[in-house]
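Just so it is clear, none of the values below were taken in a lab; they were calculated from the coordinates. Note that the structure is predicted; figures quoted are calculated from it, not measured. Counting neighbours? That spans all protein chains shown, and the Cβs are built from the backbone with ideal geometry, glycine included.
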Amino acid sequence: MTTGTLPRVSVVGLGKLGAPLAAVLASRGFSVIGLDVNKTFVDALNAGKMPIVEPQLNELIAANRERLTATMDANEAVQKSDASFVIVPTPSDSTGFFSNRFVLQAMETLGKALKNKKGYHMVVITSTVMPGSTGSEIKAALEAASGRKVGPDLGLCYNPEFIALGTVVRDMLFPDSILIGESDSKAGDMLQTIYLQMCEKKPPVQRMNWVSAELTKISVNTYVTTKISYANMLADICDRLPGADVDVVTKALGADTRIGAKYLKGAMGYGGPCFPRDNVAFAALARKIGARADVAEATDRINNFQIERLSGLVGKFAKAGTRIAILGLSYKPQTPVVEESHSVKLAAKLADAGYVVAVHDPLAQDAALAVLGDKVVGASSIEGAVRESDLLIVATGWPEYKELDPAWCKRSNGQRLTVLDLWRTLPADKFADVADVLYLGSGR
């Protein structure tokens, strides 16, 4: 790297987060080479289009192909970069801890390649890992494979992303802050330089040691899930207090700067690949070191209760054997991911309880049906799902569902359709002639 030029970057792991990171870096002027063991991903990135559903991703890749390549050769990736971002899966194990096996494989691969390279190189762990991991087995694996010591010629940072599927590109370009756990100031300076160039605005950069950064990452998600479960607890209470309205309550709460409005909405429970497992990992860590994490454990219990709460609500309006349509199966809009989706869990519970369940989702229907099997029926259209239902649940706030036609709710026998709108997607007054649109936490 010559003075005055941007560091060259390699991204190890071209999945749901790695591919967007590579594309965003390239779009901001960096020379980027992706490294993956999956030939399909490598060939796709080199061809200019990844098989990953994420808004803006393929447009960025197509627009920046001259700065963006991919390889399966670690030596090539290391020789053509000054910093390597490792963004591989860290799946949960049976104890609730994150497994580092893929990270350790990456350290061995990068380390071997670094033996053949002269000069400084920085390795950045972007995957979420348990507190204590970077300074122990990750550092040891990198040093053993490379024959180098972390220090003057080898930097090691922990730098997790705070993003959500469906908005990954935007979240990378406009983060609230940057978290850097650094081996030393040289590595931290280099990583800060990369981020201040990559981000559209100049976010605050929080720099600290590895273990504080590792704890900060899972603490952020645990705190956010606590707000979600708190709002859902309030919604449950409001449903049992005639005249109470959770939206009014949470709006007033969110106006207090000590609390803030984000994630404070009484609706469905949280799901997806990060929130549930980070909360479990936080509590597991506390137990292992002899600390108490009662708040995290209660947050998890309240979240798991939401499926029971919703199925109980359905039982008040429809008997077993009736037809229920569930609109929205992904854990949030703008993604096909159904991991830990409460919509999918609710569909399974209602089917097991004897209801006839039809499901629809703009992107996640196939993934959900793969999980649910023959318990449910996939609807061919939104209109078909609504017309054939005895009770309708709008479970994910996809914008497509805002266009739902009230005429589809009209029944020939004159009966009104009950609609449980879990995210306040539909305006109740628009459906006043044909349906009863009920919101969670509205004192009804």
* Mean Cβ count within 10 Å, highest first, over the residues of peptides 340-349, 366-375 -> 340-349, 366-375
* **Relative contact order computed over the stretch 307-439 (Cα-Cα under 8 Å; 6+ residues apart), in percent** => 24 percent
* To do: Classify the stretch 22-165 as rounded, prolate or oblate from the Cα gyration tensor: take a ≥ b ≥ c as the square roots of its eigenvalues, call it rounded if a/c is under 1.5, otherwise prolate when a/b beats b/c and oblate if not.
  => oblate
* Find the relative contact order for the chain and round it to a whole percent, using C-alpha pairs within less than 8 Å whose residues are 6+ positions apart. => 11 percent
* How much length is gained on full extension from residue 75 to residue 164, taking 0.36 nm per residue of separation minus their Cα-Cα distance? -> 28.9 nm
* Structure fact -> Toy charge model, Lys and Arg Cβ at +1, Asp and Glu Cβ at -1: the stretch 48-200 dipole around Cα centroid in debye, rounded to 20, equals 520 debye
* Asked: Quick one: if you stick a label point 7 Å off each Cα along the C-beta vector at residue 105 and residue 309, how many nm between them?
  -> 3.9 nm
* For the stretch 1-79 and the stretch 354-391, distance of Cα centres in Å -> 37 Å
* **Placed amide H near residue 390: partners under 5 Å, 5+ positions off or other chain** => 323, 324, 325
* Structure fact -> If unit charges are put on Cβ atoms (+1 for Lys and Arg, -1 for Asp and Glu) and the dipole of the stretch 219-301 is taken about its Cα centre, the option from 242, 271, 296 lying farthest towards the positive end turns out to be 296
* **Fewest-first ranking of 440, 179, 241, using other Cβ atoms within 10 Å as the exposure measure** => 241, 179, 440
* Asked: Quick one: length gained pulling residue 62 to residue 438 fully straight, 0.36 nm per residue minus the C-alpha distance?
  -> 130.9 nm
* To do: Just list whichever of 39/202; 16/265; 251/345 have alpha carbons separated by over 31 Å in the model shown.
  => 39/202
* Determine the sum of side-chain charges near residue 265: Lys and Arg each +1, Asp and Glu each -1, restricted to other residues whose C-beta is under 10 angstrom from that of residue 265. => +3
* Asked: About the Cα centre of the stretch 219-301, what is the dipole size in debye to 20, counting +1 per Lys and Arg Cβ and -1 per Asp and Glu Cβ, all else neutral?
  -> 280 debye
* Sum of side-chain charges, residue 79 neighbourhood, beta-carbon under 15 Å (Lys, Arg +1; Asp, Glu -1) -> +3
* **Cβ-placed point charges (K, R +1; D, E -1), dipole of the stretch 275-397 about Cα centre in debye, nearest 20** => 380 debye
* Mind telling me which of 62, 395, 213 comes out most flexible in a GNM of the chain, alpha-carbon contacts under 10 Å? => 62
* What ranking, highest mean first, results for peptides 186-193, 153-160 when packing means the other Cβ atoms within 10 Å averaged over each residue? -> 153-160, 186-193
* To do: Collect residues whose amide H, placed 1.01 Å from N in the peptide plane, falls under 5 Å from the amide H of residue 82; neighbours closer than 5 in sequence don't count.
  => 8, 9, 10
* Asked: To the nearest 0.05, what FRET efficiency results for residue 153 and residue 219 with a Förster distance of 25 Å applied to their C-beta separation?
  -> 0.15
* To do: With unit charges on the beta carbon (Lys/Arg positive, Asp/Glu negative), name the residue among 327, 407, 442 whose Cα is farthest towards the positive pole of the charge dipole of the stretch 314-444.
  => 442
* Percentage relative contact order, the stretch 9-208, counting C-alpha pairs under 8 Å, at least six apart -> 19 percent
* **Listed residue pairs exceeding 18 Å between alpha carbons, taken from 201/227; 117/149; 115/149** => 201/227
* Other-chain or far-sequence residues with amide H under 5 Å of residue 178's (modelled H) -> 205, 206
